[in-house]
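Each remark here refers to the structure printed beneath this line.
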Amino acid sequence: MEANLNYLPGSSFDTFVGDLLGPRWNLLNNISLCFILYVLTYAYISGGGSIVAHTLKGAFGFNAPIMLSGMLFSIGLAFCVWYGTAFVGRLSAVLVAGMCISFLFSVQGYVLHVEIKNIFSGKSEYLIYTLVAIPYFMTSFGYHGCVPSLIKYYSSDVRIIKRCLLFGSVLTLSFYIIWLVATLGNIPREEFTEINVSGGNIGNLVDALRSKTDSKHLANTLAIFANMAVVSSFLGVTLGLFDFIADKFKFLDNPFGRLKAAVVTFLPPTLAGIFFPNGFLHAIGLAGMFACIFGSIVPALAAKHSRLKYGSPKYQVWGGNSLITIIICYGTLQFACYVGAAFDFLPKF
């Protein structure tokens, strides 16, 4: 945000990273950015298709193929992104409100039946798995691609953009904590192995949680929340990718120009979601590895060079150079953890 604010609204990563860090860093960042956002888009198509299929089966008894569910999920939301940032913003606000309501209604039943022994089972022996999870933590808060879109939508209004990022992070963190208590407190550790074997997708986890209650109303509300969560995540990620594509290829901001940007944005991950429908977990982890470049190292370096080149006329992040060093070290740790897990240097559950 700090670096991006020194450029005109609508300027995305290709513009300000190229200007601040040069063509080599820009190429590396563009590759990382495209890979992450495409992989996340594929992951959410995979997760969305899984949830749609499970929802249709649970609500109407209709066994929809996951390939068809994923395609319908992608095409419907691609239209929303093509229609415009303002529409996505309003739809996201409705989804977040619906998520809050459905989340509280669905999770309260599970929170009341939490078994403390499930949460703390094994005690310290599970701490080692935190290293494997670090790349997933990064993508769980991976809204970096939305920052240029926010700056464009709010016309560089620092106060509003800062509040969006801060309140969005706090709200998301609160949801995650409650969600972890509800899931880990109701599902014994050994059952997660079966969830992974059955595909490890969001629908599989929701089904496992559904089996812990006899309330059909509670289970359906949980499914509504899961659908809204994936849809809002999908919209946020794809809006950032859409604006990056438009900036990179200089597509005009008119219906035909946005159609071209939409095709480039949605066609590759939709095809991947159709032919590889159960790659959600692998995709999220792989995105976490590349996020160390796009989400940690490059933003820190861009902010540092932006201060040297332009100063901080609109906004400067607190912490000085020390915070920049910490963020770069964290990005390096993410990469090391993913590589360690990929080559079995770290233990897996």
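Read the figures in this text as sums done on the coordinates, not as results from a lab. Everything numeric here is computed off the predicted structure, so don't read it as measured data. Every residue, glycine as well, gets a Cβ built from its backbone with ideal geometry; the counts of neighbours run over all protein chains shown.
Mean residue ellipticity at 222 nm, helices only, the chain: -26000 deg cm²/dmol; runs of at least 4 DSSP H residues each add -39,500 (n - 2.57), and the sum is divided by the number of residues. Which value, in debye to the nearest 20, describes the size of the charge dipole of the stretch 34-288 about its Cα centre when Lys and Arg Cβ atoms bear +1, Asp and Glu Cβ atoms bear -1, and nothing else is charged? Result for the stretch 34-288 is approximately 540 debye, rounded to the nearest 20. Report, in degrees rounded to the nearest 10, the 0 to 90 angle that the Cα long axis of helix 13-60 makes with the longest principal axis of the chain. Long axis of 13-60 versus the principal axis of the chain: about 20 degrees.
Could you work out the local net charge near residue 168, counting Lys and Arg as +1, Asp and Glu as -1, over the other residues with Cβ closer than 15 Å to its Cβ?
Numbers: positive: 159, 162, 163; negative: none.
Once positives and negatives cancel, what remains is +3.
Within the straight-line cut-off of under 24 Å between alpha carbons, the lysines reachable from residue 348 are 117, 123, sequence neighbours fewer than 8 places apart in one chain being disregarded. In the chain, a dipole from Cβ-located charges (positive for Lys and Arg, negative for Asp and Glu) runs towards its positive end, and of 29, 326, 7 it is 7 whose Cα lies farthest in that direction. Quick one: longest stretch of the chain between exposed loop trypsin sites (Lys or Arg not before Pro), exposed meaning at most 10 other C-beta atoms within 10 Å and loop per DSSP? Maximal segment without exposed cleavage sites: 1-249.
The relative contact order of the chain, computed from alpha carbon pairs under 8 Å that lie at least 6 residues apart in sequence, is 37 percent. Bridgeable lysines around residue 248 (alpha carbons under 22 Å apart, same-chain partners fewer than 8 residues away excluded): 152, 260.
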